[in-house]
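Visitor: Structure provided below as structure tokens; questions to follow.
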Amino acid sequence: MPILESFYYGKDTLTAGKALQIARGQLNGVLSKNTLEKIRDSEKTVKNIVAKNEVVYGINTGFGPLCTTRISKEETLELQTNILKSHSVGVGKPIEEEIALLMMILKMHALAQGYSGISENTLTRIIWHIDNKIIPVVPEQGSVGASGDLAPLAHLFLPLIGLGEVFQNGETIETSILLQKHDLEPIVLGPKEGLALINGTQFIAAHAVLVIERLQNCLNHADIIGTIMIEALQGSAKPFYPELHQLRPFKGNQHVAGRIKSFLDGSQIMDSHKDCDRVQDPYSLRCMPQVHGASRNAWLHLKELLEIELNAVTDNPIIFNEEFTISGGNFHGQPLAMALDYATLAASELGNISDRRIYLALEGKTADVPKLLFEETGINSGYMILQYTTAALASENKGLCFPASADSIPTSMGQEDHVSMGSISGRKALQVIGNVENILAIEMLTAAQAFDFRKTNKSSVFIENVHQEIRKHVSFANKDRVFSKDIQIANDIIKKKKLLEVYEKNIRSGNLKETELHKQEFQSI
């Protein structure tokens, strides 16, 4: 096994990319000596507060509307165990294992900053779960996104006290059986530990981490696939000239325009019709910088907010020292809830314009490109029905774009009278992105098919290489077949980033010289 680079919980800056690297075993999450000292000091502070019998929310009081109910010294430990039990009320199917793993990683980083009163023993057990991929079973529904993601986080940490279930090697196992197998005892939670574990935005943030990765992948593929469609349908390169976008310098617009122009550089196809009498192209071709670019701006906004959240302390109360504790609202999910709703809309629009390009390719109004992308129709339906699927997916996405963060239903007997519903924002965002991946897969198929009718001239080296990569996996269709198989293959190409591998290879070889404008902002996570 190679020795992995270390990430220091509570000390280093966490990003979506680094969180994913830890989750995928490419980066080793550890605690430094200085961090351990801060953790021990914070735990000691909480114990001193209990010893002095000072009133601090969640340490020696009840929770939510029970905040005025005093808890005796003798009952403070039972209180912390009970909160995990009582708040484990999630319903629905379990979230993906990677999301639950990300939740633990994000929670580790927040707790390790030393403001939560958590014990070294508890954090060590969480790291054991992360490193050994022993992942708690967490139901997907039940959080309102303030007082943090209470229900999912309670389920996430039930295994610490020997309860709940975990995934290991693809199997679901009762925690009690697992602990016996590994000769481990349940953790005895100290004062405030239960509350520290379940207060926070890690369910929302873990979804946002995957939104960042998967939406970025969609954005990158949309530019490449859209460029193939421009070539196939003899679109103009002028809408991508930098002079135009300097007059309206949105970062995303400029970045997309620069990319598409670089993809087209050296194209014989583009040169072959530069003197044609077409005045301008339909919006789905011409306005890719404005539409794809707007979605990129939304993605960038979420990325910037998420990086703040990933390095924040979001539990409650916050322990500064024995004399200074604050019961505030850092657990409220509104900052990410609104940004995730924005990202959901951004993803949906990427699918909407892709569907329009697919429709355009089927019309048969471009020279040499036949109707429905088949030379013989009637007995063959061609690519007609694939666009039915993209229409259905695009419509479904529109219904999912209603912002979850626009809603708030009071909970906790009015104590929590405004909530973010950010957990729903995160879940919906991934659902929409999944639909967009399929829409882009279908556009990939139709663009490649239409491109094959450009037999006289060649495109740029890069686009030709991309088309060749697609054809390694999906053949040209000259008669009807079960296209659902093709769609699945194209979806795999997108998820496995095969076209981006071609992109990187062409950058290294010098075949492609992409603009550096805003490149780092949009390509790093």
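The values are calculated or read from the model by the stated rules, or taken from the named source; none is laboratory data. Keep in mind it's a predicted model, so treat the numbers as computed, not measured. No Cβ is skipped: glycine too gets one built from the backbone with ideal geometry, and neighbour counts run over all protein chains shown. When the accessible area is computed, the model is the full protein with side chains, heavy atoms only, and any ligands, DNA or RNA have been set aside. Shrake-Rupley method; radii C 1.70, N 1.55, O 1.52, S 1.80 Å.
Visitor: Inside the stretch 60-101, can you point out the residues that are in contact with a strand residue (DSSP E or B) (Cβ under 8 Å, 6 or more places away or on another chain) and modelled with pLDDT of 95 or more?
Guide: Gly90, Val91, Gly92, Lys93, Pro94, Ile95, Glu97, Ala100, Leu101
Visitor: OK, next. Among the residues of the stretch 143-175 satisfying the criterion of being at pLDDT below 95 and in contact with a strand residue (DSSP E or B) (Cβ under 8 Å, 6 or more places away or on another chain), which is nearest to Gly92 (Cα to Cα)?
Guide: Checking each candidate, the answer is Val144.
Visitor: Could you tell me which residue of the stretch 360-392 is most open to solvent (accessible area, probe 1.4 Å), considering only residues that are free of Cβ contacts under 8 Å to residues at least 60 places away in the same chain, in a helix (DSSP H, G or I) and within 17 Å of Phe483 (Cα to Cα)?
Guide: Tyr388
Visitor: Output the residues belonging to the stretch 149-190 that are farther than 25 Å from Lys44 by Cα, small (Gly, Ala, Ser) and assigned to a loop (DSSP other than H, G, I, E, B).
Guide: Answer for the stretch 149-190, where residues must be farther than 25 Å from Lys44 by Cα, small (Gly, Ala, Ser) and assigned to a loop (DSSP other than H, G, I, E, B): Gly164, Gly170.
Visitor: I would also like to ask the following. Residues Val291, Val279, Val256: which one is at pLDDT below 95 and among the β-branched types (Val, Ile, Thr)?
Guide: Of the residues listed, the single one that is at pLDDT below 95 and among the β-branched types (Val, Ile, Thr) is Val279.
Visitor: Still on this structure, please answer the following. If I filter the stretch 110-169 down to residues being among the aromatic types (Phe, Trp, Tyr) and open to solvent by 10 Å² or more (accessible area, probe 1.4 Å), which single residue comes out as nearest to Ala23 (Cα to Cα)?
Guide: Trp128
Visitor: I'm told Val461 meets every condition in (1) more than 28 Å from Asn491 (Cβ to Cβ); (2) among the β-branched types (Val, Ile, Thr); (3) open to solvent by 60 Å² or more (accessible area, probe 1.4 Å) except one. Can you identify the failing condition by its number?
Guide: (1)
Visitor: Within the stretch 465-516, how many residues turn out to be closer than 30 Å to His245 by Cα and either within 24 Å of the chain's Cα centre (by Cα) or open to solvent by less than 30 Å² (accessible area, probe 1.4 Å) (or both)?
Guide: Matching residues across the stretch 465-516 total 14.
Visitor: Do you know which residues across the stretch 282-310 are more than 17 Å from the chain's Cα centre (by Cα) and either open to solvent by 10 Å² or more (accessible area, probe 1.4 Å) or among the hydrophobic types (A, V, I, L, M, F, W, C) (or both)?
Guide: Those that are more than 17 Å from the chain's Cα centre (by Cα) and either open to solvent by 10 Å² or more (accessible area, probe 1.4 Å) or among the hydrophobic types (A, V, I, L, M, F, W, C) (or both): Pro282, Tyr283, Ser284, Leu285, Arg286, Cys287, Met288, Gln290, Val291, Ala294.
Visitor: Which count do you get for residues in the stretch 111-145 that are assigned to a helix (DSSP H, G or I) and within 19 Å of the chain's Cα centre (by Cα)?
Guide: Qualifying residue count for the region: 0.
Visitor: Looking only at residues that are within 17 Å of Gln202 (Cβ to Cβ) and in a loop (DSSP other than H, G, I, E, B) in the stretch 14-26, which one is least open to solvent (accessible area, probe 1.4 Å)?
Guide: Step by step, filter the stretch 14-26, then rank; the result is Leu14.
Visitor: Right, next: Among the residues of the stretch 447-468, is any farther than 18 Å from Ile269 by Cβ and modelled with pLDDT of 95 or more?
Guide: Within the stretch 447-468 (the criterion being farther than 18 Å from Ile269 by Cβ and modelled with pLDDT of 95 or more), the answer is no, since none of the residues qualifies.
Visitor: Tally time: how many residues in the stretch 469-525 are out of contact with any helix residue (DSSP H, G or I) (no Cβ under 9 Å at 6 or more places or on another chain) and in contact (Cβ under 8 Å) with a residue 60 or more places away in the chain?
Guide: Selection size over the stretch 469-525: 3.
Visitor: For Tyr383, which of the numbered conditions (1) modelled with pLDDT under 95; (2) farther than 30 Å from Pro335 by Cβ fails to hold?
Guide: (1)
Visitor: Look through Ser425, Ser420, Ser405, Ser395 and report the one residue that is in a helix (DSSP H, G or I) and open to solvent by less than 10 Å² (accessible area, probe 1.4 Å).
Guide: Ser425
Visitor: Looking at the stretch 202-224, is at least one residue over 30 Å from Pro335 (Cβ atoms) and at pLDDT 95 or above?
Guide: Taking every residue of the stretch 202-224 in turn, at least one turns out to be over 30 Å from Pro335 (Cβ atoms) and at pLDDT 95 or above.
Visitor: Inspect the stretch 438-447 for any residue being under 26 Å from the mean Cα position of the chain (by Cα) and open to solvent by 20 Å² or more (accessible area, probe 1.4 Å) and give the result as yes or no.
Guide: yes
Visitor: I'd like to check something: does the stretch 324-334 contain any residue that is open to solvent by 70 Å² or more (accessible area, probe 1.4 Å) and more than 25 Å from Ile83 (Cα to Cα)?
Guide: For the stretch 324-334, residues open to solvent by 70 Å² or more (accessible area, probe 1.4 Å) and more than 25 Å from Ile83 (Cα to Cα): absent.
Visitor: Would you point out the residue of the stretch 191-245, among those that are among the polar types (S, T, N, Q), surrounded by fewer than 24 Cβ atoms within 10 Å (Cβ to Cβ) and in a helix (DSSP H, G or I), that is farthest from the chain's Cα centre (by Cα)?
Guide: Asn220
Visitor: Quick one: Glu185 ticks every box in (1) in contact with a strand residue (DSSP E or B) (Cβ under 6 Å, 6 or more places away or on another chain); (2) surrounded by fewer than 16 Cβ atoms within 10 Å (Cβ to Cβ) bar one, so which box is it?
Guide: Of (1) in contact with a strand residue (DSSP E or B) (Cβ under 6 Å, 6 or more places away or on another chain); (2) surrounded by fewer than 16 Cβ atoms within 10 Å (Cβ to Cβ), only one is false for Glu185: (1).
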